[in-house]
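I have placed the structure first, in the form of structure tokens, so that the comments after it can refer back to it.
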Amino acid sequence: MVDEAIVRAKVEWQSVPGEKEAYTGLLKHLFAVLDNEVASSRQFGEFVSLDAPVEPDAQDVAEAMVEEEIFEFYQHDDTLKLADIFAGSQHPDVATIAEQEELIDRSSEFAFAFDLLKDMPRLWRRIFLLIRVDGLNASSVSEILLIPSKEDAVQRWLMQAEAFIAAHLEEAGVSKNGNDWLQGVDWSALSVTRSEAASLWSKEANHEE
């Protein structure tokens, strides 16, 4: 699929594009190829009878098995803390323990929030990732997603995507104010193109050229 997107982009380019133009062009064609593949796969799906019993969800079954295994050995009166893991000679101070536990909690919260992306509408998810993670503006996103001159609509869909995440964060008890939690996350850290390593690699490559 990546090769097909590259070929499509090369056919479209009349001259060597700049870095930004190349990136947005490749994304546009990659999304188009993905959508075509999904549409094609759905045409050859197997029909299921409406009268057939619903099979248990594989993920629910797996989670139930893991939960059952955990509680087989769980002692409710003996909760393991981070401090119990370290030997006495290597026991960290209270501040270090608190910092590590806060980091673990924050990582779990972030993993939960990121997992919500798969449950939101595809258009919302793509807009959220392109703007918040890749740092593109609404104009570029509208071009990539083939909705030209719809910058206002893109911003509106972004707000709906963020409201979706915020509402689920509050519902799950992760945060009392989901919007404040979202604003405190550096989503750009997830982007390969915006990471420090990618930036340094790009500079070295340009210098060699």
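Derivation of every value follows stated rules applied to the coordinates shown; laboratory data play no part. Since this is a predicted model, take the numbers as computed values, not measurements. Positions of Cβ are backbone-derived with ideal geometry, glycine not excepted, and every protein chain shown enters the neighbour counts.
Full-extension gain between LYS176 and PHE112, please, as 0.36 nm times their residue separation minus the C-alpha to C-alpha distance. Intermediate results must be reported in sequence, preceding the final value.
Values: separation 64, 0.36 × 64 = 23.04 nm, distance 1.51 nm.
Answer, rounded to one decimal: 21.5 nm.
Please report the net charge: other residues with Cβ closer than 10 Å to the Cβ of ASN179, K and R +1, D and E -1.
On the way: positive: none; negative: GLU162, GLU170, ASP180.
Neighbour charge sum, excluding ASN179 itself: -3.
Please turn the phi angles of region 160-174 into ³J(HN,Hα) values with the Karplus equation 6.51 cos²θ - 1.76 cosθ + 1.60 (θ = phi - 60°), one per residue in order, whole Hz, x for glycine and proline.
The phi angles translate into 5, 5, 5, 5, 4, 5, 4, 4, 6, 5, 5, 5, 7, x, 5 Hz.
With θ taken as phi - 60° and the coefficients 6.51, -1.76 and 1.60, list the Karplus ³J(HN,Hα) couplings across region 143-151 in order, rounded to whole Hz; mark glycine and proline as x.
Values per residue, Gly and Pro as x: 6, 5, 8, 6, 10, x, 6, 10, 4 Hz.
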